[in-house]
Structures are given as C-alpha cells and as structure tokens.
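Visitor: The structure that follows is given in the form of structure tokens.
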Amino acid sequence: MERQSTVWRGNLPAELTSFTGRHAELAALAALLTGPRLVTVTGPGGVGKTRLALRAAAVAAEEAFLVEVGELHDPVLLGHAVLAALGLTDGTARPPLDVLVEQLADRRLLLVLDGCEHLVAACAEVAGALLRALPRLRVLATSREALRIGGEHLLPVAPLAVAAPPGVLPEAVRLFADRAAAVVPGFALRTEQQRAEAVALCRRLDGIPLALELAAGRLRALSMRQIALRLDDRFELLTGGERGAPPRHRTLRTAIGWSHELCTMQERLLWSRLSVFAGDFDLEAAEHVCAGEGIEPDQVLDLIGELVAKSVLLRVAGPEGGGCEPWGTVRYRLLDTLRDYGAGWLRGSGAEYRLRRRHRDWYLGLATWGELEWFGPRQAETAERTALEHSNLRAALEFCLGEPGEEQSALLLAGTLWYFWVGCGHLGEGRHWLERALALDRTPTDVRAKALWVTGYTAILQGDRARALPLLEECRRQALADGDDRALAYALHRLGCAALIGDEPARAAELFQEALDRYEAVGELNSNVLMAVFELGLAHLFQGESAEAEECMTRVRAVCEEHGEQWAYAYGLYARAYSCWLAGEVRQARAFARESVRLHFGFRDLVGIVLGLELLALLETERGELLEARLLQGAAHRIWQGVGVPLFGSAGFNATHHDCAARARAGLTEAEFADAFDRGTALDLPAAVRRALGEEPAAAGEPACVLLGRRTI
C-alpha cells in the first residue's frame, strides 16, 4: 500500500499585480524544477528574481514555502526562519537543521530561499545540509550571486527585453504600460509616438522591472516625455559617485534616486525612517516610530499613501489575498532594495541610532502588552499579532545586543517574550536570544532575574535539566540577596518543574506550593501561576493523590474560565483527562484530552500537543484499538523529535507511554506493531492532530478505527 501524504498549500503570498512577460524564463525555470534539486535564480537587484521564483514555485509544487532571507541579519537565525516559514515549532536544544531533518523526513516540498546574497554562506550551508539529508526536498534560491555548492543549477535573469519585432511591444514596455494603467485609469499606448516614447524610456532604464515600476508611478503627475527628460537630466549626476558599480546597478540606483528626488521632503524623510522596519509593519507602528522632527503623527497616514502610490511602499496582502492581515490590520513593506536606499539616507542624517531605538521601544511595548494580554480572552490574537511582528522583534533584539549600553533592554525584551517562546512553539530561538543576552551583562538586576528563570524554563521543556538547574539556582540566590519575592517565586516554581521531570514528585509538590504561596503574597496572578497549580496537580497525580489533584484542576478551570485564558486551560484539560483515565472514566478522559490537543494546536504548543497524543494513544487501548494506539504513538514520536527528550526523560511522564506500548505489543504481531508505528511517524503535525481528534479517517487498506465527534481545527 502506498502511503498517502497530507497536501499542504504552502505559504506563498498572493500576487498583487499581473505577471507580465518572462515566458521563456518561466518555462526554463519550470523545467529546471523537475530535474535538479537546487536551482538559484541570479541577477541584479530589482530585476524580478523574486517574482519569477514565486510564480514558478506556485505552478511547480503543491507544497511550496517561502523563506524571506532578506529580513534576517544574523546567520544563526536562518534555521529558525525556515522552521517558522514551514509552520514547524522548534522546541529542542538541538540545532534547527537537525529539527528540520527530523520534521521533513517524509515531506515532498519546495523551499524558496529569497534574497540570499547577504547571507550566502549560511544559505549554502543550510541548503546543502537539507538537500543531503532529505531526498524529497527541492530548493529554489534567489540571490545576486550563486550559492556555490554541489548540484547547483543557475538561471541568470536579465532585465526585460526593450526590443521586439515590428508590431510587437517589448516585454519591458508591456510591463511599464500595465503598471501605468494601474496608476492612470485608461492609460494605453495608442499611437506610434506614445509607443516610441515608452520604448525610449524603457531602454533608458535598461528594462529593469523595479525601475520601470517606479517610473510608472510618476505618471500620476508627469507625462512620459517629462519623465524621460527629468531622468536624462539626472543620470550623470546620480551615478557620478558610483563609477565602480555595474552599469545596471547604477541604472537602478539612478531610478531609485530619481524617484527619491521627486518625493517631497517629508516623503523622503518617512522613507528613510521606515527603513528601520524588518519585513512588514502596520500604520500604528509607523506613526510611533517615524513621527516627530518634521513629521506630525497625523501626517504619517497620508505620507504612507503617497509612498504606496509611488511604488515605494507595498501594501501587503493578507492570507486570502484581500489586502488585510488577520485582525483587520493593513500592513506595508519596503522592498529590500528600497529599504537599503532609505537606510543609507538615514545613516547620513545622523538619526539612525535614535530611530532604531524608537523601533526597539515600540516592539518592547508590543511585547509588554502581549505579556499582559496573554492572560485573558485575547490570548489567540496576542499570539497571532506577535507572530506577525516576529521579524521586527528579531531586529529589536539585534539592536539591543549590538549596541553598548542596551544589554539590559535585551534581557528585558527576551524575557518579556516568554509567552511567545514557550506558548507559541519557539523554544529554541527564545533560548538563543536569552543566552546571548545573559552572556553580555551579568549585573544582578530584576530583568536579569527574569531572563534567568525564563531561560531555565525553556531548558526544562527541552528536557535539559543540566542547563536549567544552574540558571534557576542563580535566580533563586539573586532573589534572596535582593529581597525580590516575585523573582524568588518564579525560581522556586521552575525548580519545581525540574524536580517533577526529575521524578521527584514529592519535592516538586513542596516547591510548587511554596511558589504559589509567594505568588499570592505578592499579588501575582497570570498564566504562569495557573501552570504552577496545574503542575502541582500533576505532582499529586504521580503520587496517587487524586483528591488533591482534582482540587488543583478545579481551581485552574475556574480561574481560566473567569479570565478567558485558554493556554493554561488546555494543560488543565490534559491533567483532568489523566485523572479521569485513572478513575476508569475513559470516554470523559478522551473528550478532555482531545480538547486539550485542539487548543494546543491553535497555539502550536508542541509540548501540550504531544502530551495529549501520548494519553490518547493509551486511551485507544482501553477500547481495543491497538493499531490506532500504536499509530498515535508513532505520531507522538515524530513530534517529540521537535521538542527535545521524549517525555522529558521522566519515568513519571513515560508511564503511560510504556503501558500503551506493552498493551499494543501483547495484542499485535511484531509486523503489525512496527507497521502501525511507522505509519504514525509518517504523519506531519496537522495530520497527526486531525487523526488524534478523530477527523482524519483511515486510509484505504488500513484497519478501521472508531472515529468520534468531528471538530474544525
């Protein structure tokens, strides 16, 4: 039987404008994507590499994912960016490449690495390692230079043709006319003179698509003849300082510089200031970061509108292509080439440090507000909003870590984002930032204390007690020395977690209770406090103290329902499911476990998902579905590879797993036992969750399993 794979649609963005020309290049690239496993589209900036690659990827593969390398500055983050683009959570202490190899073992997909030139060595390393380990993977890269690794096939992309047979419009002219019609309704090249003027203009701009689009944007105020005259007047002036640059690069810089000259002073100022954003951003962020000293806050919207009209800014389409992101917020972005140009002006103005600091302050505020809203009914929206700003948060952290005197801000920002690192599946990246910040500044401040316990927490969830314990002990000692009761409560709480996965439930219960008493004394109530109650309940369950455990779970449920909290609530559901199983209430246990998995999948919390899957596997044995139980164990095994040590290496947490495996082995042949597990390991995360929730029926040829109530994820 051939294994059926889950079809993913990928993450390629919707096209905002028509795809004009490039038929030969598109055909050539499509042909290459059926053969070589690494293809790099090369060419100068602004020539249309990204657009060509995305169009080819969209038609070449059912499962294609875009990684926007141009948004990154630190090569260490490339692996994390690939994980994020693929929708995979990184919860291990292993290098992201190892996680990717585990997670993508059975996937057939196309990975698009866009804008590799500034991180070409890192891109070459990642692409090479993945291609060697994953035979069903293909990589399509765009870069101004080749990756220079074995098996790479290059597709150089030249500017659009500015010549054509008589009676045929050149590709460059067709692109210009298409974009001009979007700017000036009814625009058309109706006469020979108009066509000749367009051809001359496109030839002057070397057929570079970005230059053509910028020129078309000027038709709102100028005729083609005026555009050509103004461009001619500025050509020598604008390229005079770049004699060593390639001619086409000088042409592009000329077009950008000319477009920049035709902006008002305020538009130029905003353009330069917007260059501090990584990836896309919203109006509110632009108003906060860019207003002042020449731009009033209420002017930012109109100025952004003008920059959009002039093709300097792009209005980013949302997931459905409708132009709006989730939660009704429109977002904008600068193309990398235009961002670089604006950044040069910002550096020259002497305002770069001030603007980058304001950018950092805005995203520190976003993280602070997100931490507060994490405990409440807007938890899912907080997770989505923080994910949208992931690139800007990285840029803010890089600023803090790279500027002397900003080390405490780095600790504060990295520690405040605990909810994103832990609750939304970014344990590995969070630990990367936290450990870098901790290494830079050892001053015993309150923000360092928080960073210590957050780092310890991430290490515990990865099963790395050896690293977690020294961090948490340092936090405890510092808190005692400083009289910081809040930090002490958190240190004791996370030391309790270390004891729990270290199979010391009695000691864990003591630590959890002491932490809860201290939380109450300082008035602390949030998702972390509720997790301490949940974990205390688990410690009781592991000691056979069901009444005490039930009291904890009742408390978690009541507070979560009062405040609209879902993340800790999902963990509480897992504990209730475990308790019901111990009491022989199998049907209720399954309902609680499934709801726990469903909620955790919404947050992409792998730890919560995989704990639920392990328990659901055991519950399948209670009704004799041994093949399904073993299949779910296989699915859980694959997910654990992206979390860390399976079941934290804890005997207590492993008890249900071993019990389930023993029951399945007793009732199945060795072949059935092994085959069911292998079929489970072939499921990706969404398919595994659907299977656990009873939403994905058995494939043809599989033994039928009882499937209960269906939900929409």
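Visitor: Along each principal axis of its Cα atoms, how long is region 438-570 end to end? Whole angstroms, biggest number first, please.
Guide: Taking max minus min along each principal axis of the Cα atoms, region 438-570 gives 44, 31, 23 Å.
Visitor: Fully extended, how many nm does the chain gain between THR34 and ALA380 (0.36 nm per residue separation, minus their Cα-Cα distance)?
Guide: Extending this stretch completely gives an extra 120.6 nm.
Visitor: I would also like to ask the following. Starting at 0 and stepping by 10 Å, how many percent of the alpha carbon pairs of the chain end up in each bin?
Guide: P(r) for the chain, in whole percents per bin: 3, 14, 22, 23, 18, 11, 7, 3, 0.
Visitor: May I ask you to give the percent of accessible area on the chain that is carbon plus sulfur, with a probe radius of 1.4 Å?
Guide: Percent of accessible area from carbon and sulfur atoms in the chain: 52.
Visitor: Would you mind calculating the relative contact order of region 383-504 from Cα pairs under 8 angstrom and at least 6 residues apart, reporting the percent as a whole number?
Guide: 19 percent
Visitor: Also, I was wondering about something else. More than 16 Å apart: what percent of Cα pairs in region 433-503 qualify?
Guide: Roughly 39 percent, once rounded to a whole number.
Visitor: I want to check the label-to-label distance for ASP659 and ARG108. Put each point 7 Å from Cα in the C-beta direction and report it in nm to one decimal.
Guide: 4.1 nm
Visitor: Roughly how far apart, in whole Å, are the Cα centres of region 434-493 and region 596-673?
Guide: 32 Å
Visitor: Can you list the HN-Hα couplings for region 517-527, worked out from phi with the Karplus curve (6.51, -1.76, 1.60; θ = phi - 60°), rounded to whole Hz and with x for Gly and Pro?
Guide: 4, 6, 4, 5, 5, 9, x, 8, 8, 7, 5
Visitor: While we're looking at this one, here's another question. Write down the percent of antiparallel bridges among all DSSP beta bridges whose residues are both part of the chain, to the nearest 5.
Guide: Counting only bridges with both partners in the chain, antiparallel ones make up about 20 percent.
Visitor: Grab the Cα-Cα distance for ALA674 and ASP361, subtract it from 0.36 nm times how many residues apart they are, and report the gain in nm with one decimal.
Guide: Residue separation times 0.36 nm, minus the Cα-Cα distance, leaves 107.3 nm.
Visitor: How would you rank 539-546, 680-687, 29-36, 211-218, highest first, on the average number of other Cβ atoms within 10 Å across their residues?
Guide: Highest mean packing first, the order is 211-218, 680-687, 539-546, 29-36.
Visitor: Which angle between 0 and 90 degrees, to the nearest 10, do you get for helix 651-667 versus the longest principal axis of the chain when only C-alpha atoms count?
Guide: The angle comes out at about 80 degrees.
Visitor: Counting helices only, and only those DSSP H runs with n ≥ 4, report the 222 nm mean residue ellipticity of the chain as the sum of -39,500 (n - 2.57) divided by its residues, in deg cm²/dmol to the nearest 500.
Guide: When only DSSP H runs of four or more count, the value is -19500 deg cm²/dmol.
Visitor: Express the relative contact order of the chain as a whole percentage, based on alpha carbon pairs under 8 Å and six or more residues apart in sequence.
Guide: 11 percent
Visitor: Specify which residue in the list HIS118, VAL59, LEU471 is farthest towards the positive end of the charge dipole of the chain, using unit charges on the beta carbon of Lys, Arg (+1) and Asp, Glu (-1), about the Cα centre.
Guide: So the residue we want is VAL59.
Visitor: Let me ask something additional. With r as the distance between the Cβ atoms of MET265 and ASP482 and R0 = 45 Å, compute the FRET efficiency 1/(1 + (r/R0)^6) and round to 0.05.
Guide: 0.35
The values are calculated or read from the model by the stated rules, or taken from the named source; none is laboratory data. Values in this document were obtained by computation on a predicted structure and should not be read as measured data. In this analysis, Cβ positions are derived from the backbone assuming ideal geometry, glycine residues included, and neighbour counts consider all displayed protein chains. These accessible areas exclude ligands, DNA and RNA; they are computed on the full protein's heavy atoms, side chains included. Shrake-Rupley method; radii C 1.70, N 1.55, O 1.52, S 1.80 Å.
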